[in-house]
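Read-outs: derived from the displayed coordinates by stated rules, not from any lab. In this text the structure is predicted, and so the values were computed from the model without any measurement. Methodologically, a virtual Cβ is constructed for each residue, glycine included, from the backbone with ideal geometry; neighbour enumeration extends over all protein chains shown.
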Amino acid sequence: MSHIVFLDRDGVINKDSADYIKTPSEFEFIPKSPEAIALLCEHDFKIIIITNQSIIGRKMADPSTLTAIFKKMTDGVKKAGGHITDIFFCPHLPKDNCSCRKPAPGLIQQAILKHRIDLSKAIMVGDSATDMECGLNAGCKTTVLVRTGNGNAALPALLSRNIHPDHVADNLFAAAQWIIQNIKHRNQV
C-alpha cells in the first residue's frame, strides 16, 4: 500500500465556520487545497478524509445533505486532477463519548481495517489539537499541522501540552509540498 495521508476537512480543505458547514453552498475550498490533493495523488499518496461532523448529531443537517457536501468536495478535487480514496466521519456530539470522534482514533482504525493501512506510512494533516492527537493516538508516523482554520490557535495549545507536530505548514498546499519532499523521498515506497 502506498503512503496514506489522512486529512481533516474543515479548516484544512475548506474554510471553517463557527456556525458549521451545513449545506453544499456553505462549502468553500481554501485556495489551492484541491490542487494540493491532486499534487499528493500525482506522487502516489492515497487521500482519506477523517472528519468530525456533529452537524448530524446536532440535527443541523441530515446524512443526505452531508453526502451532498462531500460530493461537492470530491468533485472539486477531481476537477483539479486529484482523488479522495475514502471519507470517514463521526456524526456524534462531543458529549456522546464515542470512539470515533477525534481525538479518539476510531475513524483511523476504521480506515485501517477497510484499506489495510500501514501506519508507518501514514500522515495525519489537520488544523486542530484534536487532529494531531488523533493521529498520535492512532499511531500515525507523521503529523502535520496547517495554519489555516484553527491551526494558529492550536499550535500554542499543543506545545503547552508538549505535543509537537512533525511539521507546521501555512496551508494544505505547503503541507503537500513538504510531505512529498520529506516523506516520499526519505522513505521510498
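Observations, loosely collected:
- Proximal charge balance of S33 [Cβ under 14 Å; K/R count +1, D/E count -1]: -1
- Helix-only mean residue ellipticity at 222 nm for the chain, each DSSP H run of n ≥ 4 adding -39500 (n - 2.57), per residue, nearest 500: -10500 deg cm²/dmol
- By the Cα gyration tensor, segment 4-184 has an equivalent ellipsoid whose semi-axes, rounded to whole angstrom, run 21, 19, 16 from largest to smallest.
- Entry note: segment 102-182 has Rg to Rh equal to 0.97, where both radii use alpha-carbon atoms and Rh is the Kirkwood radius.
- Cross-linked pairs K32/K95; K46/K72; K15/K114; K22/K79; K71/K102; K59/K79: Cα-Cα separations exceed 25 Å for K32/K95; K15/K114; K59/K79.
- Spatial separation of Cα centroids for segment 113-189 and segment 24-86, in angstrom: 18
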